[in-house]
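**Q** Can you keep this structure in mind? I'll have questions shortly.
Coordinate-derived values only; no laboratory data. Just so we're clear, the structure is a prediction, and the values are computed from it rather than from any experiment. Note that we place each Cβ from the backbone using ideal geometry, even for glycine, and neighbour counts take in every protein chain shown.
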Amino acid sequence: MKDIIPEERPREKLAGKGAKFLDNTELLAILLRTGTGKKNAVEIAGDLLASAGNSLGELSEFSIERMTGIPGIGAGKAVTVAAAMELGKRFVYEKSSVDRVSITDARQIYNLMFPLMKGLSHEECWIIFLNRANYITGKELLSSGGMAATVLDVKIILRKALEKKAHGLILVHNHPSGNPYPGNCDIRQTENLKKAAETFDISLVDHIIIADNRYYSFADEEARTILPEHD
């Protein structure tokens, strides 16, 4: 990055001013470290981000192969970016798991799980374990499926619930299509899990379907739209 004045080079800028003063391209450039003979790291980072529609959510879903298709990005750089994206997701998940707040409505779960499911092009199914006070005692990814469906194994879910001594369960999965309403398979699987859980005195508190800024709650039996917050 010899063509960039020292104080505006991403690494120097971060060290002098802090990470929040860098844009997404500059932060990616730090991960890439070096450029090529034709482009510097900032320019390559710009190409990578542009290929994802300037969306970090979209970039987080890029495979290593897709990233290495960008000129100037080899396997090493692609792996570094993928690792950083995964750390970002885990940070959001870990941070939101700290508060011991009693779960009383579906929106709390939406706010908790949306960062993990935002921008996914495939279905994922998570199970949330609750104690008697409806505090979250654990969360676990159950399955990662295709574009339109994910399969639930009731026996595995109940075994995990018993191991964690859970008194309540909340099932959460996403619809990449953007339609939050349940299909026949969703309804059938929910009913099967509810009946099976009851035999162990475990309550299926809710099954929530997340679809971008909308969610459907089986407990509420309706879909709600999450509006952006304004200052």
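**Q** Work out, step by step, the length gained on full extension between Thr34 and Lys155: first 0.36 nm times the residue separation, then minus their alpha carbon distance; give nm to one decimal.
**A** Residue separation times 0.36 nm, minus the Cα-Cα distance, leaves 38.6 nm.
**Q** I've got another one for you. Enumerate the calculated ³J(HN,Hα) couplings along the range 176-193 in order (Karplus 6.51 cos²θ - 1.76 cosθ + 1.60, θ = phi - 60°), each rounded to whole Hz, writing x wherever the residue is Gly or Pro.
**A** Going residue by residue, I get x, 5, x, 9, x, 6, x, x, 4, 5, 4, 5, 5, 5, 5, 5, 5, 5 Hz, with x marking Gly and Pro.
**Q** Just name one of Asn111, Thr137, Gly46: the one whose Cα is farthest towards the positive end of the charge dipole of the chain (beta-carbon charges, Lys/Arg +1, Asp/Glu -1).
**A** Of the options given, the answer is Thr137.
**Q** Under a plain spin-label model, where a point goes 7 Å from the Cα along Cα-to-Cβ, how far apart in nm are Thr225 and Arg132?
**A** A separation of 4.3 nm, rounded to one decimal place.
**Q** Same structure again: Check each of the trypsin sites (Lys or Arg not before Pro) in the range 117-207 and keep only those in coil by DSSP with at most 11 other C-beta atoms within 10 angstrom; list them in order.
**A** Counting only loop positions with at most 11 other Cβ atoms within 10 Å, the trypsin sites (Lys or Arg not before Pro) in the range 117-207 are Arg132, Lys165.
**Q** In debye, nearest 20: dipole of the range 6-93 around its Cα centre with unit charges on the Cβ of K, R (+) and D, E (-)?
**A** Once rounded to the nearest 20, the dipole reads 240 debye.
**Q** If you don't mind, another one. If r is the Cβ-Cβ distance from Leu141 to Ser63 and R0 is 22 Å, what FRET efficiency results, to the nearest 0.05?
**A** Numbers: r = 19 Å, r/R0 = 0.84.
Efficiency, from the Cβ-Cβ distance: 0.75.
**Q** Specify the residue with the greatest mean-square fluctuation among Leu116, Leu14, Leu59, computed from a Gaussian network of the chain linking alpha-carbon atoms under 10 Å apart.
**A** Greatest mean-square fluctuation among the candidates belongs to Leu14.
**Q** First measure r as the distance between the Cβ atoms of Lys20 and Asn111, then evaluate 1/(1 + (r/R0)^6) with R0 = 25 Å and state the FRET efficiency to the nearest 0.05.
**A** After rounding to 0.05, the efficiency reads 0.65.
**Q** Residues in the range 34-67, backbone N under 17 Å from the label point at His122 (7 Å along the Cα-to-beta-carbon vector): list them, ranges by number please.
**A** Label zone hits: 58-67.
**Q** Compute the longest continuous run of the chain that contains no exposed GluC sites (Glu not before Pro); treat a site as exposed when its DSSP state is not H, G, I, E or B and it has at most 13 other Cβ atoms within 10 Å. Walk me through the numbers on the way to the answer.
**A** Working: sites that count: Glu221, Glu229.
Of all site-free stretches, the longest is 1-220.
**Q** Taking only C-alpha pairs under 8 Å that are 6+ residues apart, what is the relative contact order of the chain in percent? Can you show the working numbers first?
**A** On the way: 328 pairs, mean separation 28.7, N = 231.
About 12 percent, as a whole number.
**Q** For Ile187, what is the net charge nearby, where nearby means another residue's Cβ is under 12 Å from its Cβ and Lys, Arg count +1, Asp, Glu -1?
**A** Charge balance near Ile187 sits at -1.
**Q** Okay, next question. Exposure proxy check: Val81, Val101, Val154 ranked by fewest other beta carbons within 10 Å?
**A** Val101, Val154, Val81
**Q** For each of Ile103, Ile210, count neighbouring Cβ atoms within 10 Å of the residue's Cβ, then give the residues from fewest to most.
**A** Listing Ile103, Ile210 from fewest to most nearby Cβ atoms yields Ile103, Ile210.
**Q** Can I ask one more? Tell me the label-point distance for the pair Lys164, Glu191, using the 7 Å Cα-to-Cβ offset, in nm and rounded to one decimal.
**A** So the two model labels end up 2.6 nm from each other.
**Q** As a test of the formula, what do you get for the chain when each DSSP H run with n ≥ 4 contributes -39,500 (n - 2.57) and the sum is divided by the residue count, at 222 nm and rounded to the nearest 500 deg cm²/dmol?
**A** That comes out to -12500 deg cm²/dmol.
**Q** Sort the range 6-93 into rounded, prolate or oblate with this rule: let a ≥ b ≥ c be the square roots of the eigenvalues of the Cα gyration tensor; rounded if a/c is under 1.5, and if a/c is not under 1.5, prolate when a/b is larger than b/c, oblate otherwise.
**A** Judged from the Cα gyration tensor, the range 6-93 comes out oblate (a/c at least 1.5, b/c at or above a/b).
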